[in-house]
Amino acid sequence: MSDCSNLEGDVLKIARIDAVPLILSMMKQTTGMRFAAIARVTTEKWVACAVDDSIDFGLLPGGELVLDTTICNEIRDHRQPVIFRDVKKDPVYSTHHTPRTYQLESYVSIPIVRANGEFFGTLCAIDSVPAQFDESAARKTLELFAQLIAVQLDMQEAQEQIEAALARETETGRLREQFIAVLGHDLRSPLTAIGMSAELLQSKLTVERDRELATSITQSSVRMSALIEDVLDFSRGRLGGGIPVRRVMTDQLAYALNAVIDEVAATHPARSLHRELVLPEQSFCDAGRMGQLLSNLLVNAVNHGAPAAPISITATVEDNHVILSVTNQGKRIAQELMPLLFHPFTRSQADGRGEGLGLGLYIASQIAQSHEGTLGVSSTDEFGTCFVARFPNQIEKSVAT
């Protein structure tokens, strides 16, 4: 960026400080002078950033003075205030070229120095007649004004840096999630072909060892398909404002939940699953998505619960809300990990048995939210770990299943 562009930016920075007009007005009142300004002073330029002019000096914001004709050029080097109330009586500036050039009789200039030590410019006041004010008191007040301007400039820069970093992170995150979505979509088709081929191969093989290998391929493709679906749901949720659901009045909720429990029981025959489902004849939900929510909670319970202890699944209706819970025994979840459980890519490190991508609980919570509901968790040594999902339902009549 050119020096000209930088200086224009500095003028805009001062213009964005709401207190500047008041500071210039107070400076005129404090000194009795009729012109006050904030100047940006560099090694090459003197540029007015803000002006309060009652003497028609003829300088506007963005206007320039020749640097060598100003006292501010000297202040940039020594960084000390310069004050004279009557130039004719001042031993240093009575013969200085600046008062003669601009016909000044009184003058104040206070350096504006930022926290990093950078010299920004000056807060100054001038007049064509002598001024009467308490120099010591005025200096203290005006130095505070200069410090205030410096602090505001520092705060602006910090905010701009934060906003720029946030914009970069947002764009990086958006591109990453788009890449994940495309990758997941492109992987799904060949994986489906692998699974179908393995199933066909399994049906034609007669040697038991070969059939076992084909079965292993099929099971691996199923697990990979589940991981890809999790990734796609994650990217849909992030890019589209939430995981999409289609809530309708349906009698399939109990069927969907029972099917998930049966599937998990079949794939984990050593685990004991206790179910108690008391659900409405009709539910206002996406039954498939609720089955996915339960599946994620059950898989989490299987992976992290005590292997010898049963897993309890309940579904009831209370206050016209469907309440679905999954409880497992085992080591309680550390309190500091609880707020992270529903974040994406969070995996348990407590027992070393974390599986998958760490998206299951995140997706489950998103499904609950898409049903205008919630997903919560409690975990104690005495009662185990219990995940509870609840969402509003429109039907109050219920039957046992």
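The table below gives the values:
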{"read-out": "Cα gyration tensor, the range 35-91 - rounded (a/c under 1.5), prolate or oblate", "value": "oblate"}
{"read-out": "Residue-count net charge about THR70 - beta-carbon cut-off 14 Å; Lys, Arg +1, Asp, Glu -1", "value": "-1"}
{"read-out": "Alpha-carbon centroid distance for the pair the range 118-132 / the range 19-51, whole angstrom", "value": "7 Å"}
{"read-out": "Neighbour-count order for GLU8, GLU336, fewest beta carbons within 10 angstrom listed first", "value": "GLU336, GLU8"}
{"read-out": "Whole-Å semi-axes of the ellipsoid equivalent to the range 1-114 (Cα gyration tensor, √5λ, descending)", "value": "23, 17, 13"}
{"read-out": "Hits among lysines - C-alpha to C-alpha of LYS28 under 25 Å, sequence gap 8 or more where chains match", "value": "LYS13, LYS45, LYS88, LYS89, LYS140"}
{"read-out": "Net charge of Cβ neighbours under 13 Å - reference LEU166; Lys, Arg +1; Asp, Glu -1", "value": "-2"}
{"read-out": "Karplus-derived HN-Hα couplings along the range 60-65 (A = 6.51, B = -1.76, C = 1.60, θ = phi - 60°), whole Hz, x at Gly and Pro", "value": "10, x, x, x, 10, 10"}
{"read-out": "The range 248-400: proportion of alpha-carbon pairs further apart than 23 angstrom, %", "value": "33 percent"}
{"read-out": "Neighbour-count ranking [beta-carbon atoms within 10 angstrom, fewest first] of ARG85, ARG114, ARG40, ARG271", "value": "ARG114, ARG271, ARG85, ARG40"}
{"read-out": "For the range 271-316: relative contact order, % (alpha-carbon pairs under 8 angstrom, 6 or more apart)", "value": "76 percent"}
{"read-out": "Within-11-Å neighbourhood charge of ARG332 [Cβ basis; K, R +1; D, E -1]", "value": "-1"}
{"read-out": "Residue exposure sequence - CYS72, CYS49, CYS285 - by fewest surrounding Cβ within 10 Å", "value": "CYS72, CYS49, CYS285"}
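Only the coordinates and a few stated rules stand behind these numbers; no lab work does. Remember, it's a predicted structure, so these values are computed and weren't measured experimentally. Please note: Cβ atoms are built from the backbone with ideal geometry, for glycine as well, and neighbour counts cover all protein chains shown.
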